Amino acid sequence: MLEEKETSAELLAASADDEPVKPEKDRKFVEALSRGLDVLRAFGQESAILGNQDISKLTGLPKPTVSRMTYTLTKLGYLSYNTQLEKYQLSSGVLALGYAYVSNLRVRQLARPYMDEFARQTNMSVGLTCADRLHMIYVENRLPPEASLLRMDIGLKLPMATTSAGRAYYCAVSDKRRKVLDDALEVKYGPESWPEKKEGLNRAMEDYSKYGFCLSLGEWDRNINSAGVPVHLQDGTTMTLTCAAPSYLVSAEKLRESTAHQLSMLAGDIESLGV
């Protein structure tokens, strides 16, 4: 039941035009394609190898439908079948799509030296993320010299509601888009957890309105303090820039009083590059 609710919530927030996705009311919507993509999205950091039954549980799709989808995706080179485990995993066809996006993301190349300098000065991990439904995905991560903490691989997904990256994105988008996110997050978390998550997002809105940045102080990981600010690209895309460190290295007070303000200035420098 939980998996079905989360899938529904993710689909609601999937649209790029600030309208919730409602397949039953959209005659142009190709539901078979949507289901095939949902099968691919079922594979993540914690579920790299899946059988048809696993995918059915994660997506809420009937097992016969999943079987047809995995067969087709395997034939097309997006999945590969492990005969020993009798399960599927992502194949190189998916990698090609992801690489094409990341490699052509010009802001990554231009922002790196600025991020490297910020990481060196603050001794914090610095990340650049983009939105993906109800998550944020790392497209770049830079570390201070000789640091091994908080290494976030490209492609790592973060929850939107509890991270500084997600909160910065949530605060920076239009009211219409924020309403879509609110409705989807409410479905995702349900009546028991949503009020707490919404309270955190409301605090983030207050911080963003006053200071231009958002914080996550042990709310995603109790040992991590982080700040996030939006980066507005010329094509209209909103990304987020974050800095993070273990709480024993960077206190909440230091983050709020100085480092987060520096991060806001860094975001302005990156926007001024004209990407």
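The values are calculated or read from the model by the stated rules, or taken from the named source; none is laboratory data. These numbers were taken from a predicted model, which means no experiment stands behind them. Every residue, glycine among them, receives a Cβ derived from its backbone with ideal geometry; neighbour counts consider all protein chains shown. Calculation scope for accessible area: heavy atoms of the full protein, side chains included, ligands and nucleic acids excluded. Shrake-Rupley method; radii C 1.70, N 1.55, O 1.52, S 1.80 Å.
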Go through segment 234-253 and give me each residue that's at pLDDT 95 or above and open to solvent by 60 Å² or more (accessible area, probe 1.4 Å). E253
Residue among V173, V229, V180 that alone is β-branched (V, I, T) and touching a Cys at 6+ places or on another chain (Cβ under 8 Å): V229
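Condition check ((1) closer than 28 Å to P20 by Cα; (2) touching a helix residue (DSSP H, G or I) at 6+ places or on another chain (Cβ under 6 Å)) across all residues:
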site	(1), (2)
L58	yes, yes
Y78	yes, yes
N82	no, no
E86	no, no
A111	no, yes
T122	no, yes
S125	no, no
Just for segment 203-226: of the residues that are open to solvent by 60 Å² or more (accessible area, probe 1.4 Å) and polar (S, T, N, Q), which one is farthest from K157 (Cα to Cα)? S209
Looking only at segment 208-238, which residues are under 13 Å from V107 (Cα atoms), polar (S, T, N, Q) and within 18 Å of the chain's Cα centre (by Cα)? T237, T238
Starting from residues that are part of a loop (DSSP other than H, G, I, E, B) and within 25 Å of D207 (Cβ to Cβ), keep the ones in segment 107-143 and report whichever is most open to solvent (accessible area, probe 1.4 Å). N123
Considering segment 45-85, residues that are farther than 27 Å from K188 by Cα and among the β-branched types (V, I, T), and then whichever is least open to solvent (accessible area, probe 1.4 Å), we arrive at T74
Of S91, S103, the only residue that is within 25 Å of I137 (Cα to Cα), free of Cβ contacts under 8 Å to residues at least 40 places away in the same chain and surrounded by 15 or more Cβ atoms within 10 Å (Cβ to Cβ) is S91
Look at Q262 and say whether it is over 19 Å from V139 (Cα atoms), surrounded by fewer than 19 Cβ atoms within 10 Å (Cβ to Cβ), more than 16 Å from the chain's Cα centre (by Cα) and of a type in the set (S, T, N, Q). yes
Search segment 220-236 for residues that are among the polar types (S, T, N, Q) and part of a strand (DSSP E or B) and pair each with any residue that is open to solvent by 60 Å² or more (accessible area, probe 1.4 Å) and modelled with pLDDT of 95 or more when their beta-carbon atoms are under 7 Å apart and the residues are at least 6 apart or on different chains. N225/L217
Against the conditions (1) open to solvent by less than 20 Å² (accessible area, probe 1.4 Å); (2) over 28 Å from S47 (Cα atoms); (3) not acidic (D, E), where does G190 fall short? Just the number, please. (2)
Here are the criteria: (1) over 20 Å from the mean Cα position of the chain (by Cα); (2) open to solvent by 60 Å² or more (accessible area, probe 1.4 Å); (3) at pLDDT 80 or above; (4) within 30 Å of G236 (Cα to Cα). Tell me which single one E24 does not satisfy. (3)
